[in-house]
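The values are calculated or read from the model by the stated rules, or taken from the named source; none is laboratory data. Quick caveat: nothing in here was measured; it's all calculated off a predicted structure. Cβ placement follows ideal geometry from the backbone for every residue including glycine, while neighbour counts extend to all protein chains displayed. Surface areas here come from the heavy atoms of the whole protein model, side chains and all, with no ligands, DNA or RNA. Shrake-Rupley method; radii C 1.70, N 1.55, O 1.52, S 1.80 Å.
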Amino acid sequence: MACSLKTCFSVHSSIGSLQVTDLTPKKFLGKSLDVSNQIGFNNWNVKSPKPISINAQASICVSKALRWWDKTLKPNMLEIQSAKELADSLLNAGDRLVIIDFYSPGCGGCRTLHPKICQLADSNPDAIFLKVNYEELKSMCHTLRIHVLPFFRFYRGAEGKLCSFSCTNATIKKFKDALGRYGTERCSLGPAKGLDESELLALASIGQLSRNDEFAMDYPVKKGFEEFVLSDSKNLGLKESAEFMMA
């Protein structure tokens with residue numbers, strides 16, 4: 001947070017005005033100032049130069065600078081806080097196109113690309129842009145096998161995942177082409193699919209999702225397959241961290 005602090009004391013009386021600057025608020029706030037010995041005071045045309053006590057009031061201005069990933073966000077852009085929120089958002093999107101934007105605050109490519117993604121979100125208000133902060137949701141991103149940033153996934157209704165790719169500011173055409181291909185209105189048969197069954201099970205195996213959630217109840221769980229997911233997910237941390245790259 002960037003803070004701008006400024007303290008200024010203005011003293012006004014019937015005999016003139018006194019400006020006192022660059023004072024520490026804690027030192028003078030609510031206290032009295034004795035200005036009887038100020039330089040130039042004896043030159044004023046005053047009959048009885050008595051000490052003048054003035055209560056100093058300090059004003060502090062604090063300005064908070066927005067983080068780059070919070071700037072220029074559009075109404076159809078949502079910051080995801082958990083795996084459950086991601087799964088719910090995909091299932092509740094209906095037939096609308098959903099784009100998941102995986103980013104990191106320390107990723108230079110993500111920062112450069114962010115303004116253009118916001119512009120595309122603004123020009124495509126029917127699409128839903130879900131932003132996932134890699135640094136805050138590392139376990140979920142590892143489980144979903146996100147290897148490079150910035151990274152995008154496109155979903156729509158019963159079709160589920162349409163495509164996934166990484167692109168930068170230099171290869172933004174890849175994103176625009178996918179948006180043009182999948183952004184047209186269409187009616188899919190059946191409810192929204194959302195995350196793949198294997199991904200839901202993997203997220204549940206590391207405690208990111210509960211098997212009692214509604215979206216998890218729709219999928220039959222085979223013991224052999226579940227054991228494979230559980231064993232595979234244990235090795236995701238080191239393996240994915242080694243393969244993870246930022247553009």
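Among the listed pairs 131/174; 84/131; 71/161, which have their C-alpha atoms separated by more than 23 angstrom in this model? Intermediate results must be reported in sequence, preceding the final value.
On the way: 131/174 18 Å; 84/131 14 Å; 71/161 28 Å.
Check vs 23 Å cut-off fails for 71/161.
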Rounded to the nearest 10 Å², what accessible area does residue 199 have for a 1.4 Å probe in the complete protein model? 20 Å²
Running Debye on the range 104-145 with equal point scatterers at the Cα sites and no solvent, what base-10 log of I(q)/I(0) appears at q = 0.18, 0.27, 0.32 Å⁻¹? -0.64, -0.96, -1.03
Report the per residue volume, in Å³, of the convex hull enclosing the C-alpha atoms of the range 69-195. 94 Å³
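Which percent of the accessible heavy-atom area of the range 66-203 goes to carbon and sulfur, probe 1.4 angstrom? Intermediate values should be presented prior to the final figure.
Working: 3130 of 6070 Å².
Result for the range 66-203: 51 percent of the exposed heavy-atom area is carbon or sulfur.
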Computed accessible area, residue 122, all protein chains, 1.4 angstrom probe, square angstrom: 90 Å²
Loop trypsin sites (Lys or Arg not before Pro), the range 101-175, which have at most 12 other Cβ atoms in a 10 Å radius of their Cβ (DSSP): none
Expected output is a single nm value to one decimal: the length gained when fully extending between residue 173 and residue 198, i.e. 0.36 nm times separation in residues minus the C-alpha distance. What is it? 6.0 nm
Under a point spin-label approximation (7 Å from Cα along Cα-to-Cβ), what is the residue 96-residue 123 distance to one decimal in nm? 2.0 nm
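For the range 109-176, report the accessible area per residue in Å² (1.4 Å probe, heavy atoms, rounded to an integer).
Details: 2690 Å² over 68 residues.
That works out to 40 Å² per residue.
Please compute the length gained on full extension between residue 159 and residue 136, using 0.36 nm multiplied by the number of residues separating them and subtracting their Cα-Cα distance. Intermediate results must be reported in sequence, preceding the final value.
Values: separation 23, 0.36 × 23 = 8.28 nm, distance 2.85 nm.
Value of the extension gain: 5.4 nm.
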